[in-house]
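Bear in mind these aren't lab numbers, they're just calculated from the coordinates by the rules spelled out. Only a predicted model underlies this, so the values are computations on that prediction, with no experimental measurement involved.
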Amino acid sequence: MNAHVLVVGLYKFMRMSMTYEYQLHHFHIKKLFQKEEFLSD
């Protein structure tokens with residue numbers, strides 16, 4: 001039972017950090033696109 005709780009906690013933590021990394025990456029891409037639009041304007 002204790003091991004199960006540990007695995008679930010680890011899974012949730014991994015999912016949270018993955019979505020955080022994805023959002024960070026997405027934000028950087030958005031900034032790059034905005035920079036490109038600004039340069040081409």
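In the chain, the C-alpha radius of gyration followed by the widest Cα-Cα span (Dmax) gives 17.8, 60 angstrom.
Once the Cα atoms are used to define both axes, helix 2-40 deviates from the longest principal axis of the chain by about 0 degrees.
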